[in-house]
Amino acid sequence: MKATSRQTVFVANRGEIALRIIRACRRLGLRVVCGYSEADRGAPYLALADDSICLGPAAANKSYLNIAAVIQAARLLDADLIHPGYGFLSENAAFAEAVQAAGMTLIGPKAEVMRRMGDKVEAKAAMIAAGVPCVPGPDRVLPHDPEDIARIAEDIGYPVILKAAGGGGGRGMRIVHEECELADASMLTRQEAQRFFGNPDVYMEKFLGRPRHVEIQIIADSHGQALWLGDRDCSMQRRHQKLIEEAPAPGIDRALIAEIGARCARSCVDIGYVGAGTFEFLYEDGQFYFIEMNTRIQVEHPVTEMVTGLDIVALQIDVARGEKLTLSQDDLRTEGHAVECRINAEDPESFAPSPGRVNALHLAGGPGIRVDTHMEAGAEVPASYDSMIAKVIAYGADRSEALARARAALEEMRIEGVKTNIPLHRELLAEDGFAAGGVSIHHLEHWLKTREGQENA
Ligand code: ADP
């Protein structure tokens, strides 16, 4: 790595997170360059980078997911570090290895740590060893013998859930309510796991009926220091896709969260984790149950930034460059409340994607409002990628002020040319259950079903 000259960060991503990374690099005084696909050629945020280069065609597997193309592009633009953002190659251990082999530094954990935490059975075993509470069920791959499988389910108690060890994106999971379903379900889940993730291993755990999704943000440096930066509640989900997130998680005992947070931070030191990361938990009846670790920056990191005053992307870059965290856990204070609404280019009723050109847009503003978006009038929303085009983050001294500001912001915001889920967010922010706080991960889908029923009545 160049020690004295200005270092270069290559952004191996697109859209709002590419812009977010560009901004962090600017603040740190680093040179920043981007790879883009043909579908993103001319995207306005590229003009803010020092340089950019085409990775390949629109199809992600030919551009943003093409490891050889990304490495070559980063080399051509003289990169020292590569920021993978979220999605795409961000949790791909083979990519992490390729970056290292090419003499560059990935802004993220080492390949072997990424691989270990990417295998849910191994991750669970590591967390149990570190004293992080997990969902009841063995930290082992499911055996093949039907009697052994039945015994494990019996021990856990029905209902149980079968999950792919290599799973992600809410796929490769199956709930089993009674023994007679078990054999078929194990076989099908194994087949799916092989098909989707190239790994037939599955494991079993207790199925929790109405949990909340609560997660802990951590940051760890390469000098043995790891901090937890507070918690988030991301229970407002549809098809396992988060729609609204907030920090902190409402109505949970702060002492319990502090204990879980400290264990997460300690486990980072145990496993040699360096970078930003998130420990995801299900929370039910006053208990936390670890489900997985995300070894990357997450979409919802801004709510944590708003309540801590930190720049998590800048911290990620600092620790990847070998710097020591100058903060200590005792310095960290969270204050107030923040809520994030993910704005997607999609039909607010049918959820069908709505790509196209944004003709006009008016973003919200005012005290406590932050909008992270790569959109401007004339920008294209390509059909080839995720439909999220903006994040509206509202901060307040407390939850009710954050929600009031979010409502006002969503009222004000206008995007024309593509359909968006802004009308859905307006309804959700006004909805009694969500406004009360502490809903389960099923709340949004139940609410949508009820609304549909009323419309059809
Ligand atoms: P993925 O990596 O595919 O997102 P996760 O392990 O994070 O998989 O689980 C995704 C979602 O599946 C969770 O947010 C939750 O809604 C549901 N889920 C996973 N494990 C359980 C469980 N043991 N009980 C109930 N729901 C679960």
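Regarding segment 68-75, can at least one residue be identified that is assigned to a loop (DSSP other than H, G, I, E, B), of a type outside the set (Asp, Glu), touching a helix residue (DSSP H, G or I) at 6+ places or on another chain (Cβ under 7 Å) and without any contact (Cβ under 8 Å) to a residue 60 or more places away in the chain?
Going through segment 68-75, the residues assigned to a loop (DSSP other than H, G, I, E, B) turn out to be none.
No, that holds for no residue.
Check whether at least one residue in segment 167-184 is near the ligand (Cβ under 10 Å from one of its atoms), in contact with a helix residue (DSSP H, G or I) (Cβ under 7 Å, 6 or more places away or on another chain) and over 14 Å from residue 118 (Cβ atoms), and report yes or no.
Of segment 167-184, the ones near the ligand (Cβ under 10 Å from one of its atoms) are 167-173, 175.
Still in the list and also in contact with a helix residue (DSSP H, G or I) (Cβ under 7 Å, 6 or more places away or on another chain): 167, 171-172.
Going one step further and asking which of them are over 14 Å from residue 118 (Cβ atoms), we end up with 171.
Yes.
What about residue 431, is it modelled with pLDDT under 95 and among the charged types (D, E, K, R)?
On the way: modelled with pLDDT under 95: no; among the charged types (D, E, K, R): yes.
Judged against the criteria, residue 431 is not a match.
Determine whether segment 92-103 contains at least one residue that is touching a Pro at 6+ places or on another chain (Cβ under 6 Å), among the polar types (S, T, N, Q), modelled with pLDDT of 95 or more and within 16 Å of the ligand (Cβ to nearest atom). Don't jump to the end; show me each part of the working.
The initial filter retains those residues of segment 92-103 that are touching a Pro at 6+ places or on another chain (Cβ under 6 Å), namely none.
No, the conditions are met nowhere in segment 92-103.
If you check 89, 162, which single one turns out to be free of Cβ contacts under 8 Å to residues at least 60 places away in the same chain, outside any helix (DSSP H, G or I) and not aromatic (Phe, Trp, Tyr)?
Numbers: 89 fails: free of Cβ contacts under 8 Å to residues at least 60 places away in the same chain.
Exactly one residue qualifies, and that residue is 162.
Within segment 222-234, is even one residue among the basic types (Lys, Arg), in the same structural domain as residue 341 (by TED's automatic domain parsing) and within 15 Å of the ligand (Cβ to nearest atom)? If you could, list the steps in order and put the result at the bottom.
Taking segment 222-234 and keeping what is among the basic types (Lys, Arg), we get 232.
Those still in the list that are in the same structural domain as residue 341 (by TED's automatic domain parsing) too: 232.
Applying the additional criterion that residues be within 15 Å of the ligand (Cβ to nearest atom) yields 232.
The answer is yes; a qualifying residue exists.
Taking segment 278-294 as the region of interest, how many residues are more than 12 Å from the ligand (Cβ to nearest atom) and buried (at least 20 other Cβ atoms within 10 Å of the Cβ)?
1
Is segment 322-329 home to any residue that is touching a Pro at 6+ places or on another chain (Cβ under 9 Å) and of a type outside the set (Asp, Glu)? It would help to see each step written out before you state the result.
Taking segment 322-329 first, the residues touching a Pro at 6+ places or on another chain (Cβ under 9 Å) are none.
So far as segment 322-329 goes, no, none of its residues is touching a Pro at 6+ places or on another chain (Cβ under 9 Å) and of a type outside the set (Asp, Glu).
What is the one condition in (1) within 13 Å of the ligand (Cβ to nearest atom); (2) outside the structural domain of residue 292 (by TED's automatic domain parsing) that residue 191 does not satisfy?
With (1) within 13 Å of the ligand (Cβ to nearest atom); (2) outside the structural domain of residue 292 (by TED's automatic domain parsing) applied to residue 191, the lone miss is (1).
The values are calculated or read from the model by the stated rules, or taken from the named source; none is laboratory data. Quantities reported herein were computed from a predicted structural model and do not represent experimental measurements. When we count neighbours, we look across all protein chains shown, and the Cβ atoms used for this are built from the backbone with ideal geometry, even at glycine.
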